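Dropping the structure in here first, questions after.
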Amino acid sequence: MAVYRASELGAADVRDVGADRVVLATSARWRADGVGRWHTMPLALAGDTVVLTPDDIMAGAEVCGPVVIFDDDHYYMGDLLAEQLRRAGHEVTLVTSAGHVSAWAIRTHEQRRTQTRLLEQGVTVPTGHVLAGGGGGAAEIA
């Protein structure tokens, strides 16, 4: 097995390697413009709006003031960040376009426990809503 990190290979180069299987790992980063399941175009956010991605939070970005998390992913990242930021003392609102927090967790029987824990910690959870815009220290939720 060979690993070619940060190598620019074209289709012909890959064929020339003669491998039975080829895995392309392109990496991924969270978007910071609101595009996801619900929004197909970037959100209109005022220039003073601070937008942080999960990557930013995990890298130790400074978080100030109340926090609105827009979870359009429906897996675990929204509730994980909400709990982390709430435990750090922030007022947190977790907005999700799904009908439940971490809707995917219904399949693993964790959803009810996850949502209950957030509510018990004082996280505000408007489900079935989306982030529609922001600016001036406020978020517009629809």
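The values are calculated or read from the model by the stated rules, or taken from the named source; none is laboratory data. Remember, it's a predicted structure, so these values are computed and weren't measured experimentally. Using ideal geometry, Cβ is built from the backbone for each residue, glycine included, and neighbour counts are taken over all protein chains shown. When the accessible area is computed, the model is the full protein with side chains, heavy atoms only, and any ligands, DNA or RNA have been set aside. Shrake-Rupley method; radii C 1.70, N 1.55, O 1.52, S 1.80 Å.
Given the conditions (1) open to solvent by 50 Å² or more (accessible area, probe 1.4 Å); (2) without any contact (Cβ under 8 Å) to a residue 12 or more places away in the chain, and given that ALA61 satisfies all but one, which numbered condition is not satisfied?
(1)
This table checks each residue for (1) modelled with pLDDT under 95; (2) of a type in the set (S, T, N, Q); (3) in contact with a strand residue (DSSP E or B) (Cβ under 6 Å, 6 or more places away or on another chain); (4) over 30 Å from VAL3 (Cα atoms).
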{"position": "ASP33", "(1), (2), (3), (4)": "yes, no, no, yes"}
{"position": "VAL50", "(1), (2), (3), (4)": "yes, no, no, yes"}
{"position": "MET58", "(1), (2), (3), (4)": "yes, no, no, no"}
{"position": "ASP72", "(1), (2), (3), (4)": "yes, no, no, yes"}
{"position": "GLU83", "(1), (2), (3), (4)": "no, no, no, yes"}
{"position": "SER97", "(1), (2), (3), (4)": "yes, yes, no, yes"}
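OK, next. Across the stretch 81-92, what is the number of residues that are buried (at least 17 other Cβ atoms within 10 Å of the Cβ) and not β-branched (Val, Ile, Thr)?
Matching residues across the stretch 81-92 total 5.
May I pose another question? What's the number of the only condition in (1) touching a His at 6+ places or on another chain (Cβ under 9 Å); (2) part of a helix (DSSP H, G or I); (3) in contact (Cβ under 8 Å) with a residue 24 or more places away in the chain; (4) not acidic (Asp, Glu) that ARG117 fails to meet?
Result: ARG117 passes all but (1).
Here is a yes/no grid of residues against (1) more than 18 Å from the chain's Cα centre (by Cα); (2) open to solvent by less than 70 Å² (accessible area, probe 1.4 Å); (3) modelled with pLDDT under 95:
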position: LEU118; (1), (2), (3): no, yes, no
position: GLN121; (1), (2), (3): yes, yes, no
position: VAL125; (1), (2), (3): no, yes, no
position: GLY133; (1), (2), (3): no, yes, yes
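Out of the stretch 70-92, which residues are over 14 Å from GLN115 (Cβ atoms) and either outside any loop (DSSP other than H, G, I, E, B) or without any contact (Cβ under 8 Å) to a residue 24 or more places away in the chain (or both)?
PHE70, MET77, LEU81, GLN84, LEU85, ARG87, GLY89
How many residues does the stretch 64-80 contain that are closer than 13 Å to GLN121 by Cα and surrounded by 21 or more Cβ atoms within 10 Å (Cβ to Cβ)?
Final tally of qualifying residues: 1.
Only residues in the stretch 33-55 that are assigned to a loop (DSSP other than H, G, I, E, B) count as the first member; pair them with residues that are among the polar types (S, T, N, Q) and modelled with pLDDT of 90 or more, Cβ under 7 angstrom, at least 6 apart or cross-chain, and list the lot.
Sorted first by the residue in the stretch 33-55, then by its partner, the pairs are ARG37/SER97; TRP38/SER97.
For the stretch 82-122, which residues satisfy the criterion of being aliphatic (A, V, I, L, M) and over 24 Å from HIS39 (Cα atoms)?
Answer for the stretch 82-122, where residues must be aliphatic (A, V, I, L, M) and over 24 Å from HIS39 (Cα atoms): LEU85, ALA88, LEU118, LEU119.
Separate question: Any idea how many residues of the stretch 93-114 are touching a Ser or Thr at 6+ places or on another chain (Cβ under 9 Å), in contact (Cβ under 8 Å) with a residue 24 or more places away in the chain and open to solvent by 40 Å² or more (accessible area, probe 1.4 Å)?
Final tally of qualifying residues: 2.
Identify all residues within the stretch 1-58 that are open to solvent by less than 80 Å² (accessible area, probe 1.4 Å) and of a type in the set (D, E, K, R); write none if there are none.
The answer is ASP13, ASP33, ASP55, ASP56.
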